[in-house]
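Right, one structure below, let's go through it.
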Amino acid sequence: MQFSGTPCYMAPEIFQKRAYDEKIDVFAFGTLLWELFSRKVPFEGLEPADVMQKVLKEDQLSAVGVPKKISQLVSECRATDSKKRPGFDYIVDVLNSIT
């Protein structure tokens, strides 16, 4: 299987070769936000196909060491259904409310 992009940041719709919109960036941002707070590499050591399976099953990234409000935001951003992912206005509001 061949990918264009970094699998751990890729939204399910990319793996499934479906149409996509700006919500793929929300998914990637959620992964990056998790990485910043957890100080870990998402799905470290897994092959791209294994990462794909975890993303498609909506396996959540570990909340260990991640503040609860950030963990909740990460989960919202990484929803399998792109329609359930928030927009960046909402994300900015949540981050501003935390700081």
Hey, Lys83 loosely packed, with under 12 Cβ neighbours inside 10 Å and outside any helix (DSSP H, G or I) or not:
no
inquiry  = Please determine whether any residue of the stretch 33-54 is within 11 Å of the chain's Cα centre (by Cα) and among the β-branched types (Val, Ile, Thr).
reply    = no
For Val92, state whether it is modelled with pLDDT of 95 or more and either open to solvent by 40 Å² or more (accessible area, probe 1.4 Å) or within 18 Å of Pro12 (Cα to Cα) (or both). yes
#### Entry: Condition met for Thr80 (farther than 17 Å from Gly5 by Cα, touching a residue at least 24 places away in the same chain (Cβ under 8 Å) and within 11 Å of the chain's Cα centre (by Cα))
yes
Hey, Glu13 in contact (Cβ under 8 Å) with a residue 40 or more places away in the chain and assigned to a helix (DSSP H, G or I) or not = yes
If we keep only residues of the stretch 21-52 that are β-branched (Val, Ile, Thr) and assigned to a helix (DSSP H, G or I), then the residue modelled with the lowest pLDDT is Val51
Exercise for review: Would you mind stating whether Val66 is in contact with a Phe, Trp or Tyr (Cβ under 8 Å, 6 or more places away or on another chain), assigned to a loop (DSSP other than H, G, I, E, B), buried (at least 17 other Cβ atoms within 10 Å of the Cβ) and at pLDDT 90 or above?
Suggested key: yes
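The values are calculated or read from the model by the stated rules, or taken from the named source; none is laboratory data. For clarity, every value in this text was computed on a predicted model and none was experimentally measured. Cβ atoms come from the backbone with ideal geometry, glycine included; neighbour counts cover every protein chain shown. These accessible areas exclude ligands, DNA and RNA; they are computed on the full protein's heavy atoms, side chains included. Shrake-Rupley method; radii C 1.70, N 1.55, O 1.52, S 1.80 Å.
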